[in-house]
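Here is the structure we will look at, set down as structure tokens.
Readers should treat all values here as calculations from the given coordinates under stated rules, not as data from a laboratory. A quick note: this is a predicted structure, and the numbers were derived from the prediction, not measured. Don't worry about glycine lacking a Cβ; one is built from the backbone with ideal geometry, like all the others, and counts go over all protein chains shown.
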Amino acid sequence: MPIRSISRTLAAIIIVLTGCAGPGPKMMPAAPTEIRQVEAGVERVYDANGDGKADYVERSPDSGPVSALRFDIDGDGLFELAVPRDVPTAGDRHLIILLDSIPFDIVHDVWTAGRLRLFNAPSRTISPFPVMTDLSFSEFFGVSPSPGVESEYFDGKTLRGGYLSYASESNATKWLRQTDYHLRMIAHSFAYLKPDRWYMHELGSIQRLFYKNGKSPMIGYVVGTSALGAIQSRNGHVNALTQVDRMCQQIMYQTRGHVQITLLSDHGHHLITSRRVLLRESLERMGYHATTHLRSVQDIVVPEFGVVTCAAIHTKMPAQVARDAINIEGIDFAAYQDGEDVIVVSRRGSAQITAANGRIRYMVQRGDPLGLTPIIDDLMTKQGIDSDGFVDDRVLFSATMSHLYPDGVHRLWRAFHGLIEHTPDVLISVDEGWHCGSKFMSNLVEIRGAHGSLRYASSCGFAMTTLGPLPAVMRMDDLSAELAKMGADVRVSAPAASGDSR
């Protein structure tokens, strides 16, 4: 059967199977029956059990998280149980939900508008580069490196993986072992074709497992938020946050306030319709030979699996391939390794990144590919940089965490030093309005959101918890360390995840 016919048949099978999602979660009503001003701030009153009587109250300051809960246990109209929420209670179970691809800026807007107020204000997290789920959660759980950037990768001998590898979860095995629930990756295509239905299925599965298994912390991973953003853009993410908020409220009600909940995402989402970069095709037109092995200097291996805003290239001539690639329409910059150093090249210039002993240096060779010269000059004025051009890694983090390429120097260094087992020879980050990857997937679904690049929108996820306030901005490994300080150690070994292939 021709490849195109196989692809169409596979798509048809997937569409038929999308009716198999299970029930969603029990949730708090979308709106309270009453909102009243009190001396301590605001009380939101709910009919949680649907009997027509108010039985649950969330009290919060006008601009802060919920500080107390009240419950009418016996339905007599009196709220006889009061539970403070400003200090965690010993013995509370802890639920952690990993939400794929939710950007910080949207969460901030939703929280500011009054949703998600069980939680402290959201913090911004910065994903490693390339901005991919497996790499980000591997850093969070402390199980890096991942075998490849994606499920299709070059292992030094041949191109491996692809859809069968994705279905078997081989690139994600180490971090998925730290979770208690995830939708089996073989079913992820269903989520992208019917995102609303499958997202509710995932939330329902997490809620039921939390009530059933008694584990703490219990960790669930949700892919549906990525699908909702990719297909429905901002509205999809806002809907997802509203539903998970209502589910968390219901869990808080059911446990009578004796639960702690943490929400976080792996990275952001660049919510813009994009075109596919003809990366492999353009390099072939230049004279390179795209293949699955590297035998000659003309050979290149270009994995093209998902629909993402980054790319990996394997070659015997990384410097030349990188300099040719940056002239392709849609490419922002390329990076490759020269000894231990990392070289960044773009049409704007080139720079060298060097790191040692907790200090890091961004040395411009020509132009300024990452646009960091004003920040470097300011640090020199403040004497934050030594005579050799090195600056403390954390100082540069603070200075660049809100840049177009947040924490870009560290993330580019890390990309070539321990993040990926089979490190690509060249890493690509693309311009706004473009994506790389699978031609088939690009044609199957209109993509309105993607991630992978070093840019802010792609890079910045969120974290928020009922345990207390988190630092305003964190790397993913910083986040797990901060949660550990609060008593939620996510880096301990966990049993194999409870997958769901329905």
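Any chance you could list P(r) for region 145-199, counting all Cα-Cα pairs in 10 angstrom bins from zero, rounded to whole %? Taking all Cα pairs of region 145-199, the binned fractions are 23, 45, 27, 5, 0 percent. Taking amide hydrogens as placed 1.01 Å from N in the peptide plane, the amide H of V473 sits under 5 Å from those of R124, each at least 5 positions away in sequence or on another chain. Treating r as the C-beta distance of R347 and D74 and R0 as 60 Å, the FRET efficiency rounds to 0.25. For region 394-480, the normalised intensity computed at q = 0.14, 0.15, 0.18 Å⁻¹ comes to -0.66, -0.74, -0.98 (log10 of I(q)/I(0), Debye sum over alpha carbons, equal scatterers, no solvent). Taking amide H as placed 1.01 Å from N in the peptide plane, the amide H of G452 sits under 5 Å from that of V131, T309, each at least 5 places away or on another chain.
Net charge near G384: determine it from the other residues with C-beta under 14 Å of the C-beta of G384, scoring Lys and Arg +1 and Asp and Glu -1. For residues surrounding G384, the net value is -2. In the chain, the DSSP beta bridges split such that about 70 percent are antiparallel, to the nearest 5. Computed from the alpha carbon atoms alone, the convex hull of the chain holds 150 Å³ per residue.
Calculated FRET efficiency, H289 to D86, Cβ-Cβ distance, R0 = 60 Å: about 0.40 to the nearest 0.05. Can you pick out the pairs among K174/K212; K215/K485; K26/K194; K157/K194; K26/K215; K26/K439 whose Cα atoms lie more than 29 Å from each other? Those over the limit are K157/K194; K26/K439. Rounded to the nearest 20 debye, the dipole magnitude of the chain is 1100 debye, with +1 charges on Lys and Arg beta carbons, -1 on Asp and Glu beta carbons, and the Cα centre as origin. Values of log10 I(q)/I(0) for region 221-271 across q = 0.18, 0.32 Å⁻¹ run -0.63, -1.24, by the Debye formula with one identical scatterer at each alpha carbon and no solvent. The protection proxy used here, the mean number of other Cβ atoms lying within 10 Å of each residue, ranks peptides 391-403, 34-46 as follows, highest first: 391-403, 34-46. Neighbours of E169, meaning other residues whose beta-carbon lies under 12 angstrom from its beta-carbon, give a summed charge of +2 when Lys and Arg score +1 and Asp and Glu score -1.
With helices as the sole contributors, the chain gives -9500 deg cm²/dmol at 222 nm; each DSSP H run of n ≥ 4 counts as -39500 (n - 2.57), and the sum is divided by every residue.
For D393, the shell of other residues with beta-carbons less than 14 Å away shows a net charge of +1, using +1 for Lys and Arg and -1 for Asp and Glu.
Close amide H pairs (under 5 Å, H built 1.01 Å from N) link V66 with L118, F119, residues at least 5 positions away or on another chain. As I understand it, the value is the acute angle between the Cα axis of helix 476-485 and the longest principal axis of the Cα atoms of the chain; what does it come to in degrees, rounded to 10? Long axis of 476-485 versus the principal axis of the chain: about 30 degrees. Using Cα pairs closer than 8 Å and at least 6 residues apart in sequence, work out the relative contact order for region 235-351, in percent. That works out to 13 percent.
Under the definition of Cα pairs under 8 Å and six or more residues apart, what whole-number percent is the relative contact order of the chain? Here the relative contact order equals 24 percent.
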